[in-house]
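Read through the structure below, which is laid out as structure tokens, and then see the notes.
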Amino acid sequence: MLPDRPPNKVTDYEAATSFLGQWGPFQQRVFFLLCLCVVPNGLITFSIVFVADTPAHRCLVPAHLNLSAAWRNSSIPLEEDPSLSGALVPSKCSRYKLEDILSHSETGLLPGVDVNLSNVPKEGCLDGWEFDQSVYTSTIVTEWNLVCDEGWKKPFTSSAFFGGLLTGSFFSGQLSDRFGRKTIMFATTALQVVTTLIQIFSSSWIMFVILYFFLGLEIISNYLVAFVLGAELLGPRVRTLFSTAGVCLFFALGYMLIPLLAFLLRGWRSLQVIFMLTGCIRLPLFWFITESPRWLLSRGKIEEAELIIRKAAKINKIEPPAVIFGPLMVRTLSHVCIQTHNICDLLHSPNIRWLSLTMWFIWNTINISYYALSLNTTNLHGNPFLNCFLSAVVEIPAYCLSWVMFRWCSRRLSLSLSLFTGGLFILIIQLIPTHLAVLSITFEMMGKFAVTTAFAVVYAYTAELYPTVLRNTAVGACSTASRIGSIIAPYFIYLRTYSVSLPYILMGSLTALTGLLSLLLPESFGMPLPDTIDHMQSFPGTRKSLEGEDNCSFFLVI
């Protein structure tokens, strides 16, 4: 005989708190305050675009050398620049040997007239570099000379930040499940303030990178916890709006602010001060944002959960019932047989294994293209601040389109079409002549628009493909795996040093092929959400796992 079905805590909680309504003053406050908490995440995530930008530079020729004007002007050899179709520009990493040009200058010989410059030996930038300061007063590149042989340190800096995102994605959920959503959210915000403050006084690149790793860890932790907190505090209808348009649009707002602040401040340390202040502004919200009653219930803290709900009712000017969480909600489940699942189940049977491997690959490709295109804005022709702003602005209609597609269109076709179209736009960029810079930027922004649309669609699509017993685990695993793509993305941009077309060829091909690969995924539009692994749809070429029915009831505990 099967044991009695345990209370479904999700359903019971929704029913017990339904008297609060969906969109009262309490829900509005939670919605907007948590969305505001997301703005600094968009601001800081893409700050590296300007913090680590590389201004025009050339080898420094010491001013005290007694060189004639002609030799000083000709002290830097000319080299072909692949980004300018092979046009000759002053070398960034070498100069003519100072001993030789000083000797020629003292004897009165003229460069190119009396002396063939191709016969003059060259040397590296032994005295450092001279950086153009018309755009920035300072970046970490100019501060610690991250160019030429040290150029690998620039993409490594971005990868360290994304490594922090990966680490934070892995640990933040476990910490918030143990210590509480609100506690971890504001603890990581406080740590962000401290980390940024120390980072302002970084004395070396190594110190900056280590702190940048921890900043990434803290940023993603308070972002994910704020996301979960909003989902648990808000009702079903508002929760959907918060999880899609709310969080995404406010993240994009922060992204749009970074080029404006970088344009006004022009120095990387000044930007760090702003980042520290954004954390300071968020800290007082501790007294206005409540802990999740769902989490409190899961920890057996019934009185605290009821107190929060009663305060919410008071804010909404609603009289709460005498008893909110009845005995059925809190009865022990110690005698109930519950089958547990973990991340290993994502690879257990052929059906779910191929689905998981495919989704991890798709998520990685989207992350590579999204972050590579976002980080590449300062390499585009024209004003770097305007290009970054355009890259942020295109995300607004992309999120709106993803919401429309997700509501009325096939999930599989929406993801496939946006990825394939994005890949096609990216591939076209390298075919556009150099003098048509505006057209090239237009196609890059169209590619960013399509990839951002895919980014928004894949989150909700993933949640629909996996069963209730594994849904949170699956989405978390996909998000964690995708951080590998984020870490790799800066090195796609670094390939520009070898060939300007190479990043576009690799990104475009990978994105377009992934769009075709996504056609293999099962369709979930209009389908009921699967509750168990047996309820999942079949991946092509595999059969559903026949695990049989067990004697346990499946339910989601929040």
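A few points about this structure:
- The stretch 54-64: number of residues that are more than 40 Å from the chain's Cα centre (by Cα) and open to solvent by less than 40 Å² (accessible area, probe 1.4 Å): 2
- Selection count, the stretch 169-213, where residues are out of contact with any helix residue (DSSP H, G or I) (no Cβ under 9 Å at 6 or more places or on another chain) and either open to solvent by less than 40 Å² (accessible area, probe 1.4 Å) or in contact (Cβ under 8 Å) with a residue 40 or more places away in the chain (or both): 0
- Of the helices (runs of 4 or more DSSP H) contained entirely in the stretch 95-189, those carrying at least 2 residues that are within 19 Å of residue 202 (Cβ to Cβ) fall at 140-144, 153-179.
- Subset of the stretch 103-120 [open to solvent by 80 Å² or more (accessible area, probe 1.4 Å) and either in contact with an Asp or Glu (Cβ under 7 Å, 6 or more places away or on another chain) or among the hydroxyl-bearing types (Ser, Thr, Tyr) (or both)]: 107, 118
- Residue in the stretch 220-235 that is surrounded by fewer than 24 Cβ atoms within 10 Å (Cβ to Cβ) and small (Gly, Ala, Ser) present: yes
- Some residue of the stretch 474-482 being in the same structural domain as residue 349 (by the TED database), without any contact (Cβ under 8 Å) to a residue 40 or more places away in the chain, in a helix (DSSP H, G or I) and within 30 Å of residue 348 (Cα to Cα): yes
- The sole residue among 431, 439, 417 that is in a helix (DSSP H, G or I), without any contact (Cβ under 8 Å) to a residue 12 or more places away in the chain, farther than 16 Å from residue 496 by Cβ and over 21 Å from the mean Cα position of the chain (by Cα) is 439.
- Test: residue 206 is of a type outside the set (S, T, N, Q) and within 14 Å of residue 37 (Cβ to Cβ): no
- Test: residue in the stretch 69-78 that is modelled with pLDDT under 85 and touching a Lys or Arg at 6+ places or on another chain (Cβ under 9 Å): no
- Condition met for residue 401 (modelled with pLDDT of 90 or more, aliphatic (A, V, I, L, M) and more than 13 Å from residue 525 (Cα to Cα)): no
- Matching residues in the stretch 329-382 - criterion: being basic (Lys, Arg), assigned by the TED database to the domain that holds residue 393 and modelled with pLDDT under 75: none
The values are calculated or read from the model by the stated rules, or taken from the named source; none is laboratory data. Since the model is a prediction, treat every value here as computed from it, not as a measurement. Glycine also receives a Cβ, built like all others from the backbone with ideal geometry; neighbour counts cover every protein chain displayed. To get the accessible areas, we keep the full protein, side chains included, count just its heavy atoms, and leave off ligands, DNA and RNA. Shrake-Rupley method; radii C 1.70, N 1.55, O 1.52, S 1.80 Å.
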